[in-house]
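The values are calculated or read from the model by the stated rules, or taken from the named source; none is laboratory data. For clarity, every value in this text was computed on a predicted model and none was experimentally measured. As a convention, Cβ positions derive from the backbone with ideal geometry for all residues, glycine included, and neighbour counts pool all protein chains shown. For the accessible areas, the whole protein counts, side chains as well, though only heavy atoms, and no ligand, DNA or RNA atoms are used. Shrake-Rupley method; radii C 1.70, N 1.55, O 1.52, S 1.80 Å.
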Amino acid sequence: SVDGVLLESHSAPNWAQIWELRQAIARFRKMGKRVYAFLRNGDMKSLYLASAANRILLHPSGGLMIMGLSVTRLYFADLLKMVGVKAEFEKWAQFKSAPERLTRTGPSGPATLQAKEILTTYQAEWYKAVSAGTGRPLKALRADLKAGPLTMKTAREKGLVSALVYPDAIKRYIQKDLGHKVTIVRRYLPNRSAWARWGGVRRVAI
């Protein structure tokens, strides 16, 4: 009973949740519905999510902080030594690196290799999804990341966003895109007669 969804991203969730949201948006679009994503300031995560939408709108005073993926880790072995604590773990395999933050002052070789492989996999998925969603060629998209943060105008010129729109003009933009008047509802409530997705008798299963 809705024409579409307006997705406002203020702080994107983790990568797994974004991937699931993208699948939901894809199913929604297959029903012939429209999805609009509005970003005030986009980063790697939010652009990955927004690229699943039909249109990406960026605040005219915003920008895209896309510079690739990285990992930051903290190591507390020296701190624990200062307070007289020694962490002891039985390491089962070389890639089981979770305890390293308490037993080392830096990453081991296998931990570094593992992090690089994960980042490579994530970034490959990012390139594929954003390229498909924005129509930006992969080669050009890689150059965009090397160029560092992009201003709002540059992002628009490169086609990474559909338009630069202030919050109070979003409704007018959507109405022009759809060709008719719309009502933006902040909290969507299904019809009371609709099937209760998680309904049923309250009980405890063993």
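Does region 34-115 come out rounded, prolate or oblate, given a ≥ b ≥ c as the square roots of the eigenvalues of its C-alpha gyration tensor, rounded meaning a/c under 1.5 and, failing that, prolate meaning a/b above b/c? Cα axes put region 34-115 in the prolate bin. Once both labels are positioned 7 Å from their Cα atoms along Cα-to-Cβ, the gap between ALA132 and LEU178 label points is 2.6 nm.
The accessible-area ordering, largest first, of the residues TRP19, TRP126, TRP92 stands as TRP92, TRP19, TRP126, per a 1.4 angstrom probe.
Ignoring lysines fewer than eight residues from LYS139 along the same chain, the ones with Cα atoms less than 18 angstrom from its Cα are LYS128, LYS158.
Annotation: aspartates and glutamates with alpha-carbon distance below 15 angstrom to LYS45 (same-chain offsets under eight excluded): GLU8, GLU20, GLU125. GNM on the chain, alpha-carbon springs under 10 angstrom: the most fluctuating residue among ILE18, ILE56, ILE184 is ILE184.
Projecting label points 7 angstrom from Cα along Cα→Cβ for GLU8 and ALA87 puts them 4.0 nm apart. Here the Karplus relation 6.51 cos²θ - 1.76 cosθ + 1.60, evaluated at θ = phi - 60°, turns the backbone of region 130-140 into coupling constants of 5, 5, 5, x, 9, x, 7, x, 4, 4, 5 Hz, with x for every Gly and Pro.
From the square roots a ≥ b ≥ c of the eigenvalues of the alpha-carbon gyration tensor of region 33-192, which class results: rounded (a/c under 1.5), prolate (a/b over b/c), or oblate? Prolate. Here's how it looks for LEU7: its modeled amide H is under 5 Å from those of TYR36, ALA37, PHE38, which are all 5 or more places away or on a different chain. When the chain is treated as a Gaussian network with alpha carbon springs shorter than 10 Å, the biggest mean-square fluctuation among LYS181, LYS146, LYS158 belongs to LYS181. Entry note, the chain: the mean residue ellipticity at 222 nm calculated from DSSP H runs of n ≥ 4, each adding -39500 (n - 2.57), is -12000 deg cm²/dmol after division by the residues and rounding to the nearest 500.
Maximal additional length on extending the TYR188-GLU117 stretch stands at 21.5 nm, based on 0.36 nm per residue less the C-alpha distance.
When the accessible area of the chain is computed with all protein chains present and a 1.4 Å probe, what percentage of it is carbon and sulfur? The partial results should precede the final answer.
Values: 7960 of 14520 Å².
Roughly 55 percent, rounded to a whole number.
Taking amide H as placed 1.01 Å from N in the peptide plane, the amide H of ILE66 sits under 5 Å from that of LEU150, each at least 5 places away or on another chain.
Mind checking which of LYS86, LYS171, LYS139 has the largest fluctuation in a GNM of the chain, springs on alpha carbons under 10 Å? Per the Cα network of the chain with a 10 Å cutoff, LYS86 tops the list.
Helix 15-30 and the long axis of the chain differ in direction by around 20°, with both axes built from C-alpha atoms.
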